[in-house]
């Protein structure tokens, strides 16, 4: 069962049962989402948690639900298809493997989770910038960078510094360490906080906020996490898709658009 928006839950509340029903609505587990994808004429790969148009075909089937307090689904892991290679053998993922591993070790965060977030945040594009101004591989906001001591100077702005993969990845790892301390052993809340902010998670009584983008983001990262987590029992094959993709594009329903390349206008 998907997490219901507060407005939908409240519609059926009787005054004396309001608090209990609200708690149940907030605590409801998220659906273990299907993932759709296709490869375009340029060889770029596109993923989404919804079938946005006829080009999107299901390649990974989610069955069942996962506990909002845990990252691993309650049902068997999702299938690995031909597009598995796109997610696990992308040139930039391999290029930044050592930086990711070093940051994960230094800040004691889950390397597989960092990889899944990088895939969902930027599609492995270090020059990506979101409509809200988040920058780089892990989509760091300039305000978050300032919180951790990154400042601009006469030669290099904060925005330019965030395009540096090492700086970007280490900041993400530091932030994840902070979120892990805030929500220990509740990785779904860590993922939700990375997207919507820890304040939003706390506002909804330490549950995944009922925001379309955040819910889809948690689902997408959770599915991608299965690709990067240590091997588990054999998985079933859902479908097949051509190899040789050049870039990865993630569409998270509720988000205005995918990150675009950072241009000189941000300098």
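Quick notes on this one:
- Considering (1) touching a helix residue (DSSP H, G or I) at 6+ places or on another chain (Cβ under 9 Å); (2) at pLDDT 95 or above, the lone condition that residue 181 does not fulfil carries the number (1).
- Residue satisfying condition, being within 16 Å of the chain's Cα centre (by Cα) and at pLDDT below 75, within set 61, 72: 72
- Test: residue in segment 209-229 that is farther than 25 Å from residue 90 by Cα, in contact with a helix residue (DSSP H, G or I) (Cβ under 6 Å, 6 or more places away or on another chain) and at pLDDT 95 or above: yes
- Restricting attention to segment 151-169, the residues that are within 18 Å of the chain's Cα centre (by Cα) and surrounded by fewer than 16 Cβ atoms within 10 Å (Cβ to Cβ) total 0.
- Members of segment 89-132 found to be outside any helix (DSSP H, G or I) and at pLDDT 95 or above, listed by number: 96, 108, 109, 110
- Of all the numbered requirements in (1) within 20 Å of residue 119 (Cα to Cα); (2) under 16 Å from the mean Cα position of the chain (by Cα); (3) modelled with pLDDT of 95 or more, residue 198 misses one, and that requirement is (1).
- Exactly one residue out of 134, 145, 172 is within 21 Å of residue 195 (Cβ to Cβ), free of Cβ contacts under 8 Å to residues at least 40 places away in the same chain and crowded, with 18+ Cβ neighbours inside 10 Å: that is 145.
The values are calculated or read from the model by the stated rules, or taken from the named source; none is laboratory data. Here the structure is a predicted model, which means the values were calculated and not measured. Glycine gets a Cβ as well: all are built from the backbone with ideal geometry, and neighbour counts include every protein chain shown.
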